[in-house]
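Data block below; observations after.
The values are calculated or read from the model by the stated rules, or taken from the named source; none is laboratory data. Please read these numbers as outputs of a predicted model, since none were measured by experiment. Note that each Cβ is placed from the backbone with ideal geometry, even for glycine, and that neighbours are counted across all protein chains shown.
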Amino acid sequence: MITLTLAFVAGVLLLQLMPVLPPWYCYVLVPVCLGCLRWRITWLLVAFVIGFFWAAGRAELALMPSLDPALEGRTVLVEGRVVDIPRRLARRDYRFLFTVDRMDAGDGWTDYPATVRLGWYRTATVPASGDRWRLAVRLKQPHGYANPGGFDYERWLFQQRIRATGYVRKDPRNILLAQNESGIVGNLRARIAAHFSNIASASPGMGLIRALTIGDRNAITPVQWEILRATGTSHLMAISGLHISLVSGLVFLLVRIVWARTGQMTERIPAARAAAVLALAAGLFYAQLAGFGIPARRAFIMLCVAMLAVLAGRSVRPAQVLCVAVIAVLLLDPLAVLAPGWWLSFWAVALLIFITAGRHGQEGRWRRWTRVHLVLAVGLLPLLLVLFQQASLVAPLANVVAVPWTGLLIVPLALVGGVLVVVSPWASEQVLGLAAWLMDLLWPWLGYLGSHDVSMLQQHTPLAWTLVPATAGVLLLLAPRGTPGRWLGLVLLLPLVTVRPAVPAAGEARVTLLDVGQGLSVVVRTRQHTLVYDAGPSYSPTFDTGQAVVAPFLRNQGIERIDTLVISHGDNDHIGGMQSLLHAFPVDRLTAGDPGSIEDREARACMRGDRWVWDGVEFAVLYPGSGSRQAGNNASCVIHITSAGGQRLLLTGDIEAVAEQVLLEDHSAILPAEVMTVPHHGSMTSSSPAFVRAVAPDYALFPVGYRNRYRFPRAQVVERYRAAGARLFDTARHGAISVQLPAVTGEIVASGWRCRQRRYWRAATCTE
């Protein structure tokens, strides 16, 4: 059964890697071909084909309905229901999921059964889960940053079945149609959420208790998340397999003990079966209270498989239960393989089965419990490095205490406190306060473990081929005692952390214009050095593209330090992510076109005449000059880069026509470049015809955001570069743009990340 399950999973996974979905006739043609082969086919092939086409069919449904591109940016009316607890972004700003039933785009109401993600800004109205609204909104198709190593927002939206994003307009047609349409458990969840908001508690653990009670993690602070990640305990704040299993397990044990002592009841219904039914009910209640998200859904399916085996009175092997659970989850939700949690949860269970099945020993409970966490730390290491480029080295020490403390003490109290809100809000507050106090007792231990520099292993994304020996190494290390050559498992794990991504050749420059939305960030790598030109924008105190895009890209590439960080000028879309980069990486030199815009850190002025050579690649600052009094966009630092092969790159920041004229007067002979970043995102105030002719690029790279409010790049500017013979790339359509300036005379290689990583759920915006 294990091999059949693996074949089915492989079919589902292959579909998720496809650039396009198979055409409709394949659904008929492939079964016919298999039928013609008859006995020559194997069950493994059948399982693989079933997995592939089952996932393809469900993917077709998940892609419907899609938003008509003609409706993007237009105000439309929608009617539907708020389906989750709105997240408070600021004092009067909220974000929430909204299930649309029908839409009016100006030509009458039409059915539009889709889930959209909305923001509602500067509103006095507090949206609530379960409320039905008519709203005037502006929507756009799912779109996110597309960069190597970065979070794939579009994949996450697709996996969550979110078919559009947008915001609520200030409009008199916004009307509350009905309240509390979430059912009994949904209304209870909304009531508990409101109760948490009214609790006047100074306990820092109350936000964590809110997450454990109703699955709402919005109140967890960035500092708390950092500690949870550093200690490998983030899973404790997700209502998934662990907590649902613990709650159901406690109910199962208690009911079985009580039921067995009732006498007559056991003659009608065996205690184990009664306990299984009530354990299932408890698991279902907890999953619904958490919002029945995908992790909770997956955990409940696994619980159903285990409890149904008890109800059937059959003795099944743990591996069989796991296989049935895997197939059941993927039959109900083939898109689950797109979520990191799916891989982590099932692989963790598989590891536990591997180290316990058929093994006997005299270990004490404490020793067995400790060994479980050591096994999970070793076994999950390859997967964590692939998914997150980081893994906690202190996770066994943290989890050996945190898991029982949280699961056996805090979670039951949190659930009881949540349910008590119906009977007595005062009693509920006392019980939840006790749970928060217990969390506060645990927190110093986690904080101590997570405060050390060695608590976290961070590295590049492992090369694909290293996963094969790493998996073999994990299984060998965890094999039973007496297995010959177990120590070789460590050797097989070494390539995972020691084999690094290829670096540029001497004299070669690799340039990546990152997709940071309406902003700019460029990474230039030589063989042994890295220059980062701008850090992208900051959108809030807790989110900037330096942290979300630039830093993950640098780690993905195996870059551990920044030799020079250049901030072209002080506008937010260029400097916003700087502090996150300074916090994440050692920076040898900080240079700025406008040093006065940088606070709390000394920066050198970017000055015309500065030159240096890295590994055969020449760098020269062309602007601004020492006597320049320019400010704002025209203070931007302009850098000219030349590879050993004579290929040139011009980084222009946000210079406008005034600065372009200075460059034409002072550097007309060296302005030509095969590749350039288009000044000021392609605005009409830049890229003057004379400047475009002087540079005469073969490749013009536009750093622009998708459907940005400035409507950059302007059509007239695009036409200028096209008329000059340049190939045009922009980050909104292509994602991160990679350009290789060779060490010898030759053709420049340029490509977009969206083109290299085509997936069927992404909009077909990439054209090369």
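Using the structure shown, decide if L671 is touching a residue at least 24 places away in the same chain (Cβ under 8 Å), closer than 16 Å to G593 by Cβ and either β-branched (V, I, T) or buried (at least 17 other Cβ atoms within 10 Å of the Cβ) (or both). It would help to see each step written out before you state the result.
Values: touching a residue at least 24 places away in the same chain (Cβ under 8 Å): yes; closer than 16 Å to G593 by Cβ: no; either β-branched (V, I, T) or buried (at least 17 other Cβ atoms within 10 Å of the Cβ) (or both): yes.
Judged against the criteria, L671 is not a match.
Of all the residues that make up the range 2-52, how many are modelled with pLDDT of 90 or more, hydrophobic (A, V, I, L, M, F, W, C) and not in a helix (DSSP H, G or I)?
4
Restricting to the range 191-204, what's the tally of residues that are crowded, with 21+ Cβ neighbours inside 10 Å and over 10 Å from G418 (Cα atoms)?
Matching residues across the range 191-204 total 0.
Out of the residues in the range 1-60 meeting the condition of being out of contact with any helix residue (DSSP H, G or I) (no Cβ under 7 Å at 6 or more places or on another chain) and closer than 22 Å to D152 by Cβ, tell me which one is surrounded by the most Cβ atoms within 10 Å (Cβ to Cβ).
For the range 1-60, the residue satisfying everything is M18.
In the range 730-739, what count of residues is obtained for those that are assigned to a strand (DSSP E or B) and touching a Gly at 6+ places or on another chain (Cβ under 6 Å)?
Qualifying residue count for the region: 1.
Can you tell me which residue among A312, A296, A319, A306 is crowded, with 20+ Cβ neighbours inside 10 Å, modelled with pLDDT under 85, more than 23 Å from the chain's Cα centre (by Cα) and at negative phi?
Answer to the selection: A306.
Regarding R648, is this residue in the same structural domain as G705 (by TED's automatic domain parsing), of a type in the set (K, R) and surrounded by 18 or more Cβ atoms within 10 Å (Cβ to Cβ)?
Taking the combined requirement at face value, the residue satisfies it.
Return yes or no: is A281 at pLDDT 80 or above and surrounded by fewer than 18 Cβ atoms within 10 Å (Cβ to Cβ)?
Considered against the rule, which asks whether it is at pLDDT 80 or above and surrounded by fewer than 18 Cβ atoms within 10 Å (Cβ to Cβ), A281 comes out as yes.
Among what's in the range 714-739 and is of a type in the set (D, E, K, R) and surrounded by 22 or more Cβ atoms within 10 Å (Cβ to Cβ), pick the residue that is farthest from T685 (Cα to Cα).
Among them, the one singled out is R733.
Select the strands (runs of 3 or more DSSP E) contained entirely in the range 521-566, then report the ones holding at least 2 residues which are assigned by TED's automatic domain parsing to the domain that holds P703 and within 24 Å of the chain's Cα centre (by Cα). Show your work before the answer.
Numbers: elements: 522-525, 530-533, 538-540.
Of the strands (runs of 3 or more DSSP E) lying wholly inside the range 521-566, those with at least 2 residues that are assigned by TED's automatic domain parsing to the domain that holds P703 and within 24 Å of the chain's Cα centre (by Cα) span 522-525, 538-540.
Considering each residue of the range 456-469, count those that are within 24 Å of the chain's Cα centre (by Cα) and part of a helix (DSSP H, G or I), and give that number.
So the count comes out to 4.
Being aliphatic (A, V, I, L, M) and more than 22 Å from the chain's Cα centre (by Cα) is the filter here; which residues of the range 367-390 pass it?
Listed by number, the residues that qualify are V372, L374, V375, L376, V378.
When you go through L338, L351, L311, L278 one by one, which is the residue that is assigned by TED's automatic domain parsing to the domain that holds V411 and under 28 Å from L157 (Cα atoms)? Talk me through it step by step, then tell me what you get.
Numbers: L351 fails: under 28 Å from L157 (Cα atoms); L311 fails: under 28 Å from L157 (Cα atoms); L278 fails: under 28 Å from L157 (Cα atoms).
Answer to the check: L338.
Does the range 740-751 contain any residue that is in a loop (DSSP other than H, G, I, E, B), touching a helix residue (DSSP H, G or I) at 6+ places or on another chain (Cβ under 6 Å) and either of a type outside the set (K, R) or surrounded by fewer than 17 Cβ atoms within 10 Å (Cβ to Cβ) (or both)? Before you say what the answer is, go through the steps one by one.
From the range 740-751, those in a loop (DSSP other than H, G, I, E, B) are 742-748; that's our starting set.
Retained after the next criterion (residues that are touching a helix residue (DSSP H, G or I) at 6+ places or on another chain (Cβ under 6 Å)): none.
The answer is no, given that none of the residues of the range 740-751 is in a loop (DSSP other than H, G, I, E, B), touching a helix residue (DSSP H, G or I) at 6+ places or on another chain (Cβ under 6 Å) and either of a type outside the set (K, R) or surrounded by fewer than 17 Cβ atoms within 10 Å (Cβ to Cβ) (or both).
Restricting attention to the range 567-593, report how many residues are more than 28 Å from the chain's Cα centre (by Cα) and within 24 Å of Q459 (Cα to Cα).
Adding up the residues that qualify gives 3.
Among the residues of the range 651-681, what is the count of those that are touching a helix residue (DSSP H, G or I) at 6+ places or on another chain (Cβ under 7 Å), more than 15 Å from R693 (Cα to Cα) and of a type in the set (A, V, I, L, M)?
3
Out of all the residues in the range 175-203, which are at pLDDT 85 or above and either part of a strand (DSSP E or B) or in contact with a Phe, Trp or Tyr (Cβ under 7 Å, 6 or more places away or on another chain) (or both)?
Within the range 175-203, I175, L176, L177, A178 qualify.
Being farther than 16 Å from L442 by Cβ and either in contact (Cβ under 8 Å) with a residue 60 or more places away in the chain or not assigned by TED's automatic domain parsing to the domain that holds G418 (or both) narrows it down to one of V247, V255, so name that one.
Step by step, each of V247, V255 is checked, and only V247 is farther than 16 Å from L442 by Cβ and either in contact (Cβ under 8 Å) with a residue 60 or more places away in the chain or not assigned by TED's automatic domain parsing to the domain that holds G418 (or both).
Checking the conditions here, which among L118, L89, L97, L135 is in a strand (DSSP E or B), crowded, with 16+ Cβ neighbours inside 10 Å, at pLDDT below 90 and not β-branched (V, I, T)? Walk me through it before giving the result.
On the way: L118 fails: at pLDDT below 90; L97 fails: at pLDDT below 90; L135 fails: at pLDDT below 90.
Only one candidate qualifies: L89.
Report the residue count in the range 407-455 for those that are surrounded by fewer than 20 Cβ atoms within 10 Å (Cβ to Cβ), assigned to a helix (DSSP H, G or I), of a type outside the set (D, E, K, R) and within 33 Å of the chain's Cα centre (by Cα).
Of the residues in that region, 16 qualify.
Mind listing just one residue for me: the one in the range 657-712 that is of a type in the set (S, T, N, Q) and within 13 Å of Q518 (Cα to Cα) and, of those, modelled with the highest pLDDT?
S683
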